[in-house]
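> Once you've had a glance at the structure underneath, I'll fire off some questions.
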Amino acid sequence: MCARNSIYTNPKPFKHLADYKLRHGFNTYDSIRNCLKTTPNGRTRVAKHTTKIPRCSFCDRYQGRLYFCLMCSSLWCPSHILLHTQSEKGHEVAIDMDRSELYCCLCCDQVYDPDFDKVVVCNQVKDLPGGSKSKTNSFEASGERSSKRKRLDSGIGLDLKKSELLVSMRDRRAKSCYPLGLRGLNNLGSTCFMNSVLQALLHAPPLRNYFLNDRHNSVQCRKRSGEKLCLLCDIDAISSAMFCGDRTPYTPAHFLYRMDHALLMHSSNLASYEEQDAHEFFISVLDGIHEKESKIRNSGKDDGDCQCIAHRAFSGLLRSDVTCISCGFTSTTYDPCVDISLNMDTSNLSSSNANKPIKPDEKTSVSTLSGCLNLFTRAERLGSDQKLHCQNCQELRDSSKQLSIRRLPLVLCLHIKRVEHSLVRKISRKINQYMQFPFSLDMTPYLSSSIVRSKFGNRIFTFEYDNSNSSAAYEIFAVIAHSGMLESGHYVTYLRLKNQWYKCDDAWISEVDEGIVRASQCYMLFYVQKLLYNKANEDSSFVRISPRRDPFESTAGCS
């Protein structure tokens, strides 16, 4: 794991939380210690003794998520917590009762505070067998701030045995049988987008093998860059932490700081991390990896031939055929890509129904992944305002355009467009329609070879990047799902390891049935070539591999 570096700093505290602590200090934190209870599975919840069933103070709702106001101890549901904050000045900070995490009512999102985290950790220590029941102030008991449920400092007074008990108490659901690498990531305030992408990336077999093979040597990297750590060093550190066997949630604060700084410095078209989108962040991470490795290799090749780990794993090649309607002349171009963005087929749904969630078992028209891929590769006639110059006719002509996949990547990332823009009403809305997607995917029908042969009566053509049937067979290994509204939603990742699904919801890891995954509002789907998926399942221990071995050398279909 990479050593700490002086250039790292924690993310700046959120304004509303900083103002709250300036006014009230730590008094409210210590006052709620007696309300924190550790459940048998290791979670810490807020439990009020005054009522058996917690209910919203406004609507009397008791199901779903509830928030505990730090100022007045009242309970509120997500629909009315903002109303309470607006009517009561200074009541902007609450606690998520189920997760014991701070929630900013004005920002409508989680916020991270290491001082509050120490209260939660100390409460868990107290509940351990043989743990101290002392009411000593938690801020005096520890000299330094602890990372959010990541590591227990010596100031808390835990020996190794108690630390192991704490970990085991979190994993009473036979978590010892879980594959190595399943570890939660703490939400640092509106960073569920980052956590969901990191979980998918670090469990992509090519990237996982790359970092566990020590293909990026942090020591050598620091020597080349004057003792400064880079993005790859950060990812390598997170990978080491994820696969070290520790089950306590990890805090990727250094990685967040670097990515937030990079976005502000180099990607002015993207928002800072408070407003980031998971897909945009995914592209930014791959771009950052490519930029770093390109400097190391001094490579002048384009993305299609780049040998950086990002493009070796995710890069494919798209073919675009533009055909003149008048003479039939076809102009063909090729573009590298690291993902494919698919429109949802909402033609069979009304405007009102498209925005309503559709249960998978309902007898209603729903989108399917195959339908979205067919829509992506279907020839479409360009509008009259998009006339292109025909090289054969030597003038502007109406034309049609058809996309296909010339070369498949090792890891196939499919981005589902869930935002619909109305040019007339000048508004954007999220498409909450569910989409059916297979766990095993055959991409053969969408290859350039298949589409061109079908277009010309299945005649035989020779293609330079013609994929065999084996390399067109994929297995799904990760799904990033988005729930909630367009303005304020939440990302989670579902990981498929050894044919079992696990839900990664920030710090929490839980085993789920495949029905839960199929019913999620998928936003990004990650498939890997079937051969590599099967080899990854054979390695159930995920042990660090010899650095001499190339993780790509025995993989079919890799160039």
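The values are calculated or read from the model by the stated rules, or taken from the named source; none is laboratory data. Computed from a predicted structure; not experimentally measured. Positions of Cβ are backbone-derived with ideal geometry, glycine not excepted, and every protein chain shown enters the neighbour counts. The accessibility values were calculated without ligands, DNA or RNA, using every heavy atom of the protein model including side chains. Shrake-Rupley method; radii C 1.70, N 1.55, O 1.52, S 1.80 Å.
> Suppose the filter is on the phi > 0 side of the Ramachandran plot, outside the structural domain of residue 249 (by the TED database) and open to solvent by 40 Å² or more (accessible area, probe 1.4 Å); does residue 503 pass it?
no
> Moving on. Among the listed residues 44, 51, 39, which satisfies the condition of being within 29 Å of residue 255 (Cβ to Cβ), among the polar types (S, T, N, Q) and either modelled with pLDDT under 75 or assigned by the TED database to the domain that holds residue 234 (or both)? Walk me through how you get there before you give the answer.
Values: 51 fails: within 29 Å of residue 255 (Cβ to Cβ); 39 fails: within 29 Å of residue 255 (Cβ to Cβ).
Of 44, 51, 39, the one residue that is within 29 Å of residue 255 (Cβ to Cβ), among the polar types (S, T, N, Q) and either modelled with pLDDT under 75 or assigned by the TED database to the domain that holds residue 234 (or both) is 44.
> In region 67-78, which residue that is out of contact with any helix residue (DSSP H, G or I) (no Cβ under 9 Å at 6 or more places or on another chain) and part of a loop (DSSP other than H, G, I, E, B) is surrounded by the most Cβ atoms within 10 Å (Cβ to Cβ)?
77
> Would you say residue 74 is at pLDDT 80 or above and among the hydroxyl-bearing types (Ser, Thr, Tyr)?
yes
> Scan region 406-416 and tell me whether some residue there is touching a helix residue (DSSP H, G or I) at 6+ places or on another chain (Cβ under 7 Å), charged (D, E, K, R) and at pLDDT 85 or above.
yes
> For region 519-533, what are the residues that are touching a Pro at 6+ places or on another chain (Cβ under 9 Å), closer than 16 Å to residue 497 by Cα and not in a strand (DSSP E or B)?
Passing the criteria: 532, 533.
> Of all residues in region 398-428, count the ones that are in contact (Cβ under 8 Å) with a residue 24 or more places away in the chain and open to solvent by 70 Å² or more (accessible area, probe 1.4 Å).
Matching residues across region 398-428 total 2.
> While we're here: Of all the residues that make up region 247-266, how many are farther than 20 Å from residue 210 by Cβ, touching a helix residue (DSSP H, G or I) at 6+ places or on another chain (Cβ under 8 Å) and either at pLDDT 85 or above or among the small types (Gly, Ala, Ser) (or both)?
2
> Moving to a separate point now. In this structure, does residue 101 turn out to be in contact (Cβ under 8 Å) with a residue 60 or more places away in the chain, closer than 24 Å to residue 33 by Cβ and in contact with a Ser or Thr (Cβ under 7 Å, 6 or more places away or on another chain)?
Details: in contact (Cβ under 8 Å) with a residue 60 or more places away in the chain: yes; closer than 24 Å to residue 33 by Cβ: yes; in contact with a Ser or Thr (Cβ under 7 Å, 6 or more places away or on another chain): no.
In short, no.
> Criterion first (surrounded by fewer than 22 Cβ atoms within 10 Å (Cβ to Cβ) and at pLDDT 85 or above) does residue 213 satisfy it?
The answer is yes for residue 213.
> Also, quick follow-up: If you scan region 363-397, which residues turn out to be out of contact with any Leu (no Cβ under 7 Å at 6 or more places or on another chain), among the polar types (S, T, N, Q) and either loosely packed, with under 12 Cβ neighbours inside 10 Å or not in a strand (DSSP E or B) (or both)?
Scanning region 363-397 gives 364, 370, 374, 384, 386, 391, 392, 394.
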